[in-house]
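*Asks:* So that we are looking at the same thing, I have put the structure below in structure tokens.
No lab work stands behind these numbers, since they all come straight from the coordinates. This is a predicted model, so every value here is computed, not measured. Glycine gets a Cβ as well: all are built from the backbone with ideal geometry, and neighbour counts include every protein chain shown.
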Amino acid sequence: MALQATERARDLEAYRAELRAAGLDAPWAEPGPLIRPKASAVRARLWRWAEIEPLVRRSAEFMTPGRGAERRILRLDNPGVPERTSTHTISTAVQYILPGEVAPAHRHTPNAVRFVLHGHGAYTTVEGDKCVMDPGDLVLTPSMTWHDHGNEGTEPVMWIDGLDSPVVRYLENLAMDTYPEERQPVAAVSGVSERRYGTPGLRPSTVEPGRAAGHLLHYRWEATHTALLRQRELPASPYDDVLLEYVNPLTGRSVLPTLGCYVQMLRPGIRTRSHRETSSAVYHVLAGAGHSLIDGVRFDWTPGDFFVVPPRAGHEHANDGGDPAILFSFQDVPLLTALGLYHMEA
Ligand code: GTQ
Ligand code: FE2
């Protein structure tokens, strides 16, 4: 009997060696279930603006954007996530550009978004459409659209970049091109996408050709802020209070196929109900003071701070001040939704 068992084990070993040589694998030969749940590598964490800001300013001593040195950025590095991104699907960075500087034109497969934090006078040109940006503005650079930035003002400008590069890398399609010149040509009129698509309730009957076609590229803070304030007295979500998603006005869908952008207002005294989502999020505090509980760990935040909510982590937010708290966020909800994997539970 014992001999038979040893013989069988020896035969199995030999069989498995043959499988390996044939490029095959028999998962039933290992103990445990076929589909093994994997814990998230993403950790809940907070980055303090008081710590980030001086380090961003100092980066100018060591790096100047130009040809071959594309962007002066510092990434929010999540310990545990390979490739130094803020969640497994979202790369977040703070970009810094001084008066007179140009971040040269390029294009790449990842979709990107920027949200301006400080300073006036910078622009992003997207496929020839020059978007002059002010604090609180959101500007899209969809996949493979040519884009360059510059600061034509008198003060340094800082913004947040959000990219779906971890997803594109996973899909093994990371690629980029540099434009033959520092800047791409600019259309005779600026803000073309806003002129075409920027009036709520009115849709143009023709869509221009090109990679940026059908996209509103520039969402201004004034409109965003007004939209939040106008809902101050309306019923809102028990989980997020007044939460707005930036959408493509032509389709009503997320601004980018993988990455959603959101802004929310936690009214004074609000403490939201806890929930879990299959998606992950990177939050940035625009105004107010409060805290979030993420899987039971308390993170106190003030303006400029960033924090990450990993997939399936329970999270709730509280406004601890007397003024509205405003949070901006990048979330991979559209990606999970497209895959039929977006779920939320209280
Ligand atoms: O501004 O074009 O944070 O290409 C990372 C890659 C910003 C940009 C980033 C980029 C950019
Ligand atoms: Fe870029």
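*Asks:* Report, in deg cm²/dmol and to the nearest 500, the calculated mean residue ellipticity at 222 nm for the chain, where each DSSP H run with n ≥ 4 adds -39500 (n - 2.57) and the sum is divided by the residue count.
*Replies:* Dividing the helical sum by the residues of the chain leaves -5000 deg cm²/dmol.
*Asks:* Okay, moving on. Convert 25 °C to kelvin, take the viscosity as 0.890 mPa s, use the Kirkwood radius over C-alpha pairs of the range 144-187 as Rh, and evaluate the Stokes-Einstein diffusion coefficient in µm²/s, rounded to a whole number.
*Replies:* In µm²/s, the coefficient is 182.
*Asks:* Here's another thing I want to ask about it. Hey, for a label at residue 346 modelled as a point 7 Å past Cα toward Cβ, could you say which residues of the range 221-247 have their backbone N under 17 Å away?
*Replies:* 236-241, by backbone N distance to the label point.
*Asks:* Okay, next question. Using only the alpha carbons of the chain, determine the length spanned along each of the three principal axes and report them from longest to shortest in whole angstroms.
*Replies:* Sorted largest first, the three principal extents are 85, 54, 49 Å.
*Asks:* Using amide H atoms built in the peptide plane, which far-off residues or other-chain residues are under 5 Å from residue 247 H to H?
*Replies:* Amide H neighbours of residue 247: none.
*Asks:* Once you have the Kirkwood Rh of the range 155-302 from its Cα pairs, apply Stokes-Einstein at 4 °C and 1.567 mPa s and quote D in µm²/s.
*Replies:* Values: Rh = 18.8 Å.
Approximately 69 µm²/s, per Stokes-Einstein.
*Asks:* Can I ask one more? Per the Kirkwood formula on distinct C-alpha pairs, the Rh of the range 118-197 is how many angstrom?
*Replies:* Answer for the range 118-197: a Kirkwood hydrodynamic radius of 14.1 Å.
*Asks:* Here is a follow-up. What is the Cα centroid distance between the range 118-177 and the range 181-251, reported in whole angstrom?
*Replies:* Here the answer is 15 Å between Cα centres.
*Asks:* Next question, about the same structure. Label points 7 Å out from Cα along the Cβ direction at residue 300 and residue 62: separation in nm?
*Replies:* 3.0
*Asks:* Okay, moving on. May I ask you to evaluate 6.51 cos²θ - 1.76 cosθ + 1.60, the Karplus curve with θ = phi - 60°, for each residue of the range 259-265 and list the ³J(HN,Hα) values in order in whole Hz, giving x for glycine and proline?
*Replies:* 10, x, 10, 9, 9, 9, 10
*Asks:* Right, next: Rounding to the nearest 20 debye, state how big the charge dipole of the range 161-277 is about its Cα centre with +1 on each Lys and Arg Cβ and -1 on each Asp and Glu Cβ.
*Replies:* Dipole about the Cα centre, nearest 20: 500 debye.
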